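Since the structure comes first, as structure tokens, the remarks are kept for the end.
The values are calculated or read from the model by the stated rules, or taken from the named source; none is laboratory data. Note that the structure is predicted; figures quoted are calculated from it, not measured. All Cβ positions, even for glycine, are placed from backbone atoms using ideal geometry, and neighbour counts span all protein chains on display.
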Amino acid sequence: MKIIAADIASVSDYTAAAVLAVSDAAPRRYYLSALDRWREKYTVTGERLAALARRHPDAVLVIDATGVGRPVLDALRDALPGRAVYGITITGGRSVNRGQAAGDVTVPKADLVGALQVLLQNRRLAWPRELPLLRELQGEFAAFQPKITPALHQTYGGKGEHDDLVLALGLGCWLGEHLPAPLADVESLVLGPFPEPRPEQKSGWEAIADEYPDLFGSPPDSPMCGMEL
């Protein structure tokens, strides 16, 4: 199965999209086969994502429904009847909650980052060395740092100008870790049980990069490179 994940932004910032191939066997492994970003009106973004979904008919979609992402999510559900299209509203809170509509969820930003950290630490996420925007993705990883809000909640943000690539990847990985196992038909997928509130975690991107340099570009003989995309 595949997951198409998109972090939605206004025309003044980048929208990012990622395509992940996901293994069904536990623990699931993820291969980032495509990564892209652009600056367009949300109507154009909806059209681009719908076209991407049609090129990958076996993919489920997960869309950032925060702010301007809501109309993109609604447009995709109208354009792709019968497809599983999840909407995640990113929060600075501590717990995961179901949204008002079916397939809608509110997820703390720290949980999205935490899902990425776990997959990287356990070598369950890989991508090809020739991946477009690889350097930009590495830069966002290195700049991501925990922040404490005035309400004493931990969230994450980049020191750099952008964090769209990391968030798109985090959306896809979080969804993949919470879909049922074994994976059902894409038309009938429902989210599995939500985890208990996760203890606070410290950022570890630079340590991960130092300890596992091969994660930032899978070698040609990597078993992940053999996954069908």
Of everything in the range 74-87, what is free of Cβ contacts under 8 Å to residues at least 40 places away in the same chain and either buried (at least 17 other Cβ atoms within 10 Å of the Cβ) or of a type in the set (Lys, Arg) (or both)? Give them in sequence order.
75, 76, 77, 85, 87
Does residue 89 satisfy being in a loop (DSSP other than H, G, I, E, B), in contact with a strand residue (DSSP E or B) (Cβ under 8 Å, 6 or more places away or on another chain) and modelled with pLDDT of 90 or more?
no
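The rows are residues; the columns are (1) of a type in the set (D, E, K, R); (2) touching a Leu at 6+ places or on another chain (Cβ under 6 Å); (3) over 16 Å from residue 9 (Cβ atoms).
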site: 45; (1), (2), (3): no, no, no
site: 57; (1), (2), (3): no, no, yes
site: 70; (1), (2), (3): yes, no, no
site: 98; (1), (2), (3): yes, no, yes
Condition first: among the aliphatic types (A, V, I, L, M) and without any contact (Cβ under 8 Å) to a residue 12 or more places away in the chain. Can you find one or more residues in the range 50-72 that meet it?
yes
Those residues of the range 41-68 that are within 18 Å of residue 19 (Cβ to Cβ), of a type outside the set (S, T, N, Q) and either touching a helix residue (DSSP H, G or I) at 6+ places or on another chain (Cβ under 9 Å) or assigned to a helix (DSSP H, G or I) (or both) come to a total of 16
Out of the residues in the range 118-159 meeting the condition of being modelled with pLDDT of 90 or more and polar (S, T, N, Q), tell me which one is surrounded by the fewest Cβ atoms within 10 Å (Cβ to Cβ).
122
Please state which of the following conditions residue 36 fails to meet, knowing it meets all the rest: (1) at pLDDT 95 or above; (2) crowded, with 20+ Cβ neighbours inside 10 Å.
(2)
Exception for residue 24 within (1) out of contact with any Pro (no Cβ under 6 Å at 6 or more places or on another chain); (2) in a loop (DSSP other than H, G, I, E, B) falls at (1)
